[in-house]
Each structure stands twice: as structure tokens, then as C-alpha cells.
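Encoded as C-alpha cells, the structure appears first; notes follow it.
The values are calculated or read from the model by the stated rules, or taken from the named source; none is laboratory data. What you see is a predicted model; the values in this text were computed from it and never measured. Quick reminder, even Gly has a Cβ in these numbers, built from the backbone with ideal geometry, and neighbours come from all protein chains shown. What goes into the accessible areas is simple: the full protein's heavy atoms, side chains included, and nothing from ligands, DNA or RNA. Shrake-Rupley method; radii C 1.70, N 1.55, O 1.52, S 1.80 Å.
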Amino acid sequence: MNEQIDRLWPSPASALTDDELVADLGPGVRANFVASVDGAATRAGRSGGLSSAADKRHFELLRRVADVVVVGAGTARIEGYSGLHVSPESARWRVEHGMPEHPVLALVTGHLDLDPSSPMFTDAPSHPIIFTIADAPGAERLSRLADVVAVGASHVDVPSLVAELTSRGLTRVLLEGGPSLFASFVAANAVDELCLTISPSLEGGDGPRIVHGDLPAPHPLHLAQLLRAPDDTLLLRYRR
């Protein structure tokens, strides 16, 4: 059974359905992160350690409506990414709405230090995309498994990356991390929405935040929605 999610703001409602939760998730770049009340982005080194039943439901629904999921290669390794399969319910929903059964996985790496035998490639339901820099070693080795696209000379250029996705018709972009890649998207003013789950815990320590890196200036956000689960997990959506 799906974990109950209620809307507290802007229009209160109880026990939202999946369709109600995805109703206004349109095109654009949407980032999704989880953090503790005191700002930790990981528990025991993984963001998944902070997740809850409500967060997992919301995570699946964000993937349900996405054309492409973008993630840094390091985060994909740490979090144990495999082939990008959504649930059977999500796959049916996508087909009914004229979409492929599963979103495309797009990995971002400047070094192409990826294992060709990883399930991200061997179990992929669709051809992944790898965004990297020009002359990155190993492109030929990986080109059999994914579309390897150079989007920068010395670093991955975020506007070029987003433009390439748009040219492929992948306009609903879900950015899943990590914090350094998120910082580069924010610095490029390329994030339209942030979905932030607040785990009701204090973690302490010196763990990472959801944004890691310098920004040219603060980026103010507008709260678009506030959701709550029975275990006091909060799900917030902010817009630029």
C-alpha cells in the first residue's frame, strides 16, 4: 500500500492519489534531494539512508513523469544505480500517456571512469547517455553501451547538456545528484524546481549538504507546495 501523503499548502487535501501528486509536474529541470532537519544530505554515506516510505513513493512518481534522469557517475556508484526501470504501475501510466515505458538514464562524468559491466548498462531498458568532456579517455570503449556526448572542453557545460537533452525531445529532466553536479546546475541557472524531502531526524556530524560548491550569488526560491506524511516526513517543492 502506498504511504499516505497529505497536502498542507497551498490547498489542504488528505490522502493524495498518484495522479494528484504528479498533476502539475510539467517540463523543465527538476532536482530531487533528501536532507535531515539539520541539513545532512546522507546517512552512513548514502542519501538513501535518509529516505522513508513517503519519500520512496514520491521518488518513484518523479521518475514516472520524467523523460530522463540525470545523475553524476560518482553518485550513481555510491547509491547503487542499476538499469533505470520504473515500477510496473509507472510503466503502464507512461505508456497510457504516450511515453516510453522507462525514462532514459543520463550519466555525467569528466573522466569516463565507468564499468562497462555495470547493470546501469547491462540492464538498461533504453540506451543511456553519458555526458563528458572533449577528449575524455575511454569514449570509444563505452560508445557501444551508451551515447557518449561531449559537452565542454575542460568541464561539463550545463547549458550545452540541457540543450542536447532538449534536442532529443527529453524536456522533463529529473536531476538526482549529487551535490557537486547540483551546484553546477544551480550556478548555470538551469534548475526550474527543487523537490526536497525533509527527514524528521537530527544527524549531526559533518556530512555533505545538498549543494556542494561555490555559487556566484544566492538563488532565492519560491515555495510551491508542502506535503506531509504520517511519520512527519515533509516533502517540499520550490520553484525558481
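Please list the equivalent ellipsoid semi-axes of segment 151-216, computed as the square roots of five times the alpha-carbon gyration tensor eigenvalues, in descending order and whole angstrom. Intermediate values should be presented prior to the final figure.
Values: eigenvalues 137, 48, 16 Å².
Those come to 26, 15, 9 Å.
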When you count, for each residue, the other Cβ atoms within 10 Å and take the mean per peptide, how do 114-127, 169-182, 191-204 rank with the highest first? 169-182, 191-204, 114-127
How compact and how long is segment 97-186, expressed as Rg and Dmax of its alpha-carbon atoms in Å? 13.0, 39
Output for segment 89-240 (equivalent-ellipsoid semi-axes, sqrt of 5λ from the C-alpha gyration tensor, Å, descending) is 28, 22, 17
State the answer as a single residue: which of Leu215, Ala91, Ala53 lies farthest towards the positive end of the charge dipole of the chain, with beta carbon charges of +1 for Lys and Arg and -1 for Asp and Glu, about the Cα centre. Leu215
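When each pair of different Cα atoms in segment 17-160 is counted once in the 1/r mean, what is the Kirkwood radius in angstroms, to one decimal?
On the way: mean 1/r = 0.0606 Å⁻¹.
Answer for segment 17-160: a Kirkwood hydrodynamic radius of 16.5 Å.
So what's the back-of-envelope 222 nm ellipticity for the chain, counting only DSSP H runs of four-plus at -39500 (n - 2.57) apiece and dividing by all residues, rounded to 500? Working shown, then result.
Numbers: 8 runs with 59 residues, N = 240.
Only helices count here, giving -6500 deg cm²/dmol.
Report, in debye and to the nearest 20, how large the dipole of segment 109-192 comes out about its Cα centre when Lys and Arg carry +1 and Asp and Glu carry -1 on their Cβ. Mind showing how you got there, number by number?
Values: 4 positive and 10 negative charges, 30 e Å.
Roughly 140 debye for segment 109-192.
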Report the residues of segment 36-68 in range of a label on Ser180: point 7 Å along Cα→C-beta, backbone N strictly under 17 Å from it. 41-42, 45-47
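Enter the per residue convex hull volume of segment 140-185, computed from alpha-carbon coordinates, in Å³ rounded to the nearest integer.
Numbers: hull volume 5.0 nm³, N = 46.
Convex hull of Cα atoms, per residue: 108 Å³.
Just for segment 95-240, what percent of DSSP beta bridges are antiparallel, to the closest 5? Kindly include the intermediate steps, with their values, before the conclusion.
Numbers: 12 of 19 bridges.
Of all bridge pairs located within segment 95-240, approximately 65 percent are antiparallel.
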Mind checking the full-extension length gain between Asp19 and Asp231? Use 0.36 nm per residue of separation minus the Cα-Cα distance, one decimal, nm. 74.1 nm
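Calculate what fraction, in whole %, of the accessible area of segment 95-240 sits on carbon and sulfur atoms when a 1.4 Å probe is rolled over the protein chains.
On the way: 3910 of 7300 Å².
Roughly 54 percent of what the probe reaches on segment 95-240 is carbon or sulfur.
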When the convex hull of the C-alpha atoms of segment 1-68 is computed, what volume per residue in Å³ does it have? 121
Working out 0.36 nm times the residue gap between Glu89 and Asp123, then minus their Cα-Cα distance, what length gain in nm do you get to one decimal? 10.3 nm
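If you count only protein heavy atoms with a 1.4 Å probe, what accessible area per residue comes out for segment 146-217, rounded to a whole Å²? Please list the in-between numbers first.
On the way: 3390 Å² over 72 residues.
The answer is 47 Å² per residue.
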